[in-house]
Amino acid sequence: MNLQGESVHLPSIRDYYSAIQLRSDRWSALREAAEGLVRHGPDSRKGKKFQTTARDLLDALALIEAYWAFPGAANFAHLRRLLDHGNCEDLLVAVRRVARALTSGTYRRRTIPLTSEDGEQDDTEDEASLSPEARALGRPYFEVLIVDEVNEHQERFLRHSLQRMRRPEDPFIYEPVVVPSLEDALIGILFNYNVQAVVVRPGLTLKSKNELPILSQYLKRVGDAEHVDEIEPYEYGPEACRLIAKIRPELDAYLITDRSAEEIAGLDLGRCRRVFYNQEDFLELHLNILRGVGRRYKTPFFTALKEYSKQPTGVFHAMPISRGKSISRSHWIQDMGAFYGPNIFLAETSATSGGLDSLLEPKGPIKEAQDMAARAFGAKHTYFATNGTSTCNKIVVQALVKPGDIVLVDRDCHKSHHYGMVLAGADVVYMDSYPLHQYSMYGAVPLREIKHHLLKLKAAGKLDKVRMVLLTNCTFDGVVYNVQRVMEECLAIKKDLIFLWDEAWFAFARFEPTYRKRTAMDVANTLRETLRTPETAEAWEAQQAELEGADEATLLNTRLVPPPDARVRAYATQSTHKTLTSLRQGSMIHVNDQDFKGEVEQSFHEAFMTHTSTSPNYQIIASLDVGRRQVELEGFEFVQRQVESAMAIRRAVSTHPLLEKYFKVLTVADIIPEEYRAATSTHYYDPKQGWTDKSAMWQDDEFVLDPTRITLTVGGTGWDGDTFKTKILMDKYGIQINKTSRNTVLFMTNIGTTRSSIAYLIEVLVEIANDLDDLLDDASKMEKRSFQNRVSALVEHVPPLPDFSCFHEAFRAGTDTPEGDIRSAYFLAYDEDNCDYLPLDDTLMKRLEEGEELVSTSFIIPYPPGFPILVPGQVISPEILAFMRALDVSEIHGYRADLGLRVFTKAALEAVMADKN
């Protein structure tokens, strides 16, 4: 970052999305300043400038490094002395080693000496460059946050006392970080991702003295911390434990107190693992810290599978591939063994004994692994699945819904839910999401739409038949519901309503405090607490009196309060393999249902048996177990980096003058209409205003946008989304994406996204833009007109998205409410005599416009957008037909271009009507 005049360029703090990025860049800048000092000498004019810059950087870093164990206070003071004494060479050596260690992570594996007397160090060593075997041999490293206001001597005593407790047989190694106040503790656990345990001591104070804005903004994200000014000093310790559990529930907290056991017993200590009473038993504290981290590190099934693979066995059962025998003896498939290596085959077995377990009836390590996953994800019960979330969705629906039950379904949800409705025999009410016509995308279902259908069913006397609300959170395009508000207001209408939240793309959200508040399991746990409070009962009684006799319009415009006796019944299905570490098709079902044990458990077991293979893949189960370990120990860190990567893409595209010509990253305001958000919730990054703190919008808005979903408009390139995805990104540059629309493509960051992959993406987009510039520079007048026509067709002349029409009366349960029997329609189409095929021509459109009712026999699913625009039994509207005719996609599942649109014959519909009557 050397600019003219060899100065060190320091971007403004407002240019940084997070303090993590600021810390990294400031160390890089300090290295550049030290290099300048060595190059010019401390006494030259340029050298003095570099010296001043280095001093300013050390001052800035001092505020940041107070929350990290490495490089630590002693090493930081050493750097200051080197600068003050003009030891430029030694300063450069030390700064380079710190910067490299922070970038590579080598400080986690070994001590990093900062003086040249300690000999040359391998500054090129990188964690990622080590073999998996070498990394597995090392002891995992973490940091312990100690909260206590102590002087320098006392801090040194604390550090040395804990370090003296280390033993060679310890499974982990840790370093302490000491901060003085409750607020510093909250900043620390949100800033320092290395922290795995917090020790709260009696001497802590309340307020932080650190006024760096990028750090103090962490406190704004902690809504529960607003009342801490009102508590007494003796409550600081218990309050710190409670807030830690609220913000980072995966962390272990330990309270050291001088208060009596009787006083402590009645306090909310969050998830405090142990209370130590006014004693300095450092060995006991040390052992508890290791035991707490070990509890999360444990992987019951993965460990059992590794041990099984080491046992000598003879296979006289299924699976010749077990232990690799059919491969090792082969003359023709040795390449498979060479590619995968031996371990995967040694661990391949159909056995459920020998230390292993059965997924269908888990009682051993699988059961323990599922219980640990439930703890990690905030569920009461968790079930592993080895054939994807499509199967998870069908299991939950079949377990909860019986024929004739009414289910309110997000119309543009994943197709597995629609097929689940067929299997269960549900009467389906399809709810429309708000459309984004200009981008050929749907958003999510407004709360007003959900309440309208519930109130309509209540008015028709059918509320007792309503079983479930099924919604996708977050949507493929990143629209996230206000889950708590949806559940509260729906429970105010029907107090035992079940919620199935499809979180296929949202498993990672549990491990970031802002995201977590909009997940099903977290909201379910919150409602379990709030519904039983006196405040809820008072608010509900007051609202009942106020709304007595209120009409639907009033109820729609009122934020409804749930009754205190409402039942919390929430289910979440997650594609672990999509956003966390797991092999493909590894998924989980999370349950937080107060009536699960008494009402659902047996039917759930039967549904699980129905859809789960009797030969589940053990490698997938093991990967789910390991993936759970990872998120409990480093999920917070990885999700932070995932969000930072997405923000980097948003900023790069928004500020690059060439990219702006052909591309645009859709903002919050582009994807969420203003009626569903605050007027100020418009963007995450604006080139003129900089970064927006997302915490306010995530706290209150009806919908928010997951920043890790970056929707990029590509209509300006003249290519539609599908062509841009396959012909340009994949075929030419090897960049993989999934979701497209007519004029957009979707990029998603995940916990595996690296900074180099972000840089490559930006380089590719710039190259594409440069190529388009060159193409248009050399284009003839007619070629330019052709290009503009293509752009106009993609950007301006976009076919409007159709709403759900209705079910034909042959499949309706009544005329006053919209629910339809999708199962009857689905199986009626099994008889070809009941079906006909009609071409998508002007004649068909004319028939519809003249009022003829034509009814679909099957699911019609164009890709993109990837959800049914027609379902069995649905009346085909002119708008739906117009949309189908305007589609220029390569895939439309359920539609045969050689035959036409499959519909029910008039005779078939009349026969169904006659049977109903």
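The values are calculated or read from the model by the stated rules, or taken from the named source; none is laboratory data. These figures come from a predicted structure and were not determined experimentally. No Cβ is skipped: glycine too gets one built from the backbone with ideal geometry, and neighbour counts run over all protein chains shown. Side chains are part of the model used for accessible areas, which takes the heavy atoms of the whole protein and leaves out ligands, DNA and RNA. Shrake-Rupley method; radii C 1.70, N 1.55, O 1.52, S 1.80 Å.
Counting just the residues of segment 622-664 that are touching a Pro at 6+ places or on another chain (Cβ under 9 Å) and of a type in the set (A, V, I, L, M), which one comes out farthest from Ile758 (Cα to Cα)?
Leu633
Got a sec? Which of Ser856, Ser824 is out of contact with any Lys or Arg (no Cβ under 8 Å at 6 or more places or on another chain), among the small types (Gly, Ala, Ser), modelled with pLDDT of 95 or more and over 30 Å from Glu644 (Cβ atoms)?
None of the others qualify; the one that does is Ser824.
Of all residues in segment 457-482, which are within 26 Å of Phe883 (Cβ to Cβ) and open to solvent by 30 Å² or more (accessible area, probe 1.4 Å)?
Passing the criteria: only Phe476.
Of the residues Arg448, Arg485, Arg518, Arg528, which single one is open to solvent by 20 Å² or more (accessible area, probe 1.4 Å) and within 21 Å of Thr382 (Cα to Cα)?
Every option except Arg528 fails the conditions.
Within segment 844-851, does at least one residue satisfy the condition of being acidic (Asp, Glu) and closer than 30 Å to Phe476 by Cβ?
Checking segment 844-851: not a single residue is acidic (Asp, Glu) and closer than 30 Å to Phe476 by Cβ.
Might you let me know whether segment 882-903 holds any residue that is open to solvent by 20 Å² or more (accessible area, probe 1.4 Å), of a type outside the set (Ser, Thr, Tyr), at pLDDT 95 or above and farther than 21 Å from His437 by Cβ?
Checked against the condition, which is being open to solvent by 20 Å² or more (accessible area, probe 1.4 Å), of a type outside the set (Ser, Thr, Tyr), at pLDDT 95 or above and farther than 21 Å from His437 by Cβ, segment 882-903 yields at least one hit.
Do you know which residues across segment 364-378 are touching a residue at least 60 places away in the same chain (Cβ under 8 Å) and surrounded by 18 or more Cβ atoms within 10 Å (Cβ to Cβ)?
Pro365, Ile366, Glu368, Ala369, Met372, Ala373, Ala374, Ala376, Phe377, Gly378
Inside segment 712-770, can you point out the residues that are in a helix (DSSP H, G or I), of a type in the set (Asp, Glu) and open to solvent by less than 50 Å² (accessible area, probe 1.4 Å)?
If the condition is that a residue be in a helix (DSSP H, G or I), of a type in the set (Asp, Glu) and open to solvent by less than 50 Å² (accessible area, probe 1.4 Å), then Asp722 is the only one that fits.
Testing Arg271 on (1) at pLDDT below 90; (2) over 31 Å from the mean Cα position of the chain (by Cα), one condition comes back false. Which one is that?
(2)
Suppose we filter segment 871-881 for residues that are open to solvent by less than 10 Å² (accessible area, probe 1.4 Å) and modelled with pLDDT under 95; how many remain?
2
Say we look at segment 251-297 and pick out the residues that are hydroxyl-bearing (Ser, Thr, Tyr) and under 21 Å from Ala185 (Cα atoms); which of these is surrounded by the fewest Cβ atoms within 10 Å (Cβ to Cβ)?
Per the criteria, the residue is Tyr277.
For segment 492-595, please list each of the helices (runs of 4 or more DSSP H) lying entirely inside it that holds at least 3 residues being of a type in the set (Val, Ile, Thr).
520-530
Pairs only if they're at least six apart or on different chains, beta carbon under 8 angstrom, first in segment 678-693 and modelled with pLDDT under 90, second of a type in the set (Asp, Glu); list them, first residue then second.
From segment 678-693, the pairs are Ala678/Asp700; Ala678/Asp701; Ser681/Asp701; Gly690/Asp15; Thr692/Asp686.
Condition (residue is free of Cβ contacts under 8 Å to residues at least 24 places away in the same chain, part of a loop (DSSP other than H, G, I, E, B) and either among the small types (Gly, Ala, Ser) or surrounded by 17 or more Cβ atoms within 10 Å (Cβ to Cβ) (or both)) applied to segment 828-849: is it met by at least one residue?
Checked against the condition, which is being free of Cβ contacts under 8 Å to residues at least 24 places away in the same chain, part of a loop (DSSP other than H, G, I, E, B) and either among the small types (Gly, Ala, Ser) or surrounded by 17 or more Cβ atoms within 10 Å (Cβ to Cβ) (or both), segment 828-849 yields no hits at all.
Hey, can you tell me all the residues within segment 406-438 that are open to solvent by less than 20 Å² (accessible area, probe 1.4 Å), under 15 Å from His453 (Cα atoms) and part of a loop (DSSP other than H, G, I, E, B)?
Answer for segment 406-438, where residues must be open to solvent by less than 20 Å² (accessible area, probe 1.4 Å), under 15 Å from His453 (Cα atoms) and part of a loop (DSSP other than H, G, I, E, B): Arg411, Ser433.
Being assigned to a loop (DSSP other than H, G, I, E, B) and among the acidic types (Asp, Glu) narrows it down to one residue among Asp693, Asp670; which is it?
Exactly one of Asp693, Asp670 is assigned to a loop (DSSP other than H, G, I, E, B) and among the acidic types (Asp, Glu), namely Asp693.
Just checking, which of Val600, Val591 is modelled with pLDDT of 95 or more, open to solvent by less than 10 Å² (accessible area, probe 1.4 Å), within 19 Å of the chain's Cα centre (by Cα) and β-branched (Val, Ile, Thr)?
Exactly one of Val600, Val591 is modelled with pLDDT of 95 or more, open to solvent by less than 10 Å² (accessible area, probe 1.4 Å), within 19 Å of the chain's Cα centre (by Cα) and β-branched (Val, Ile, Thr), namely Val591.
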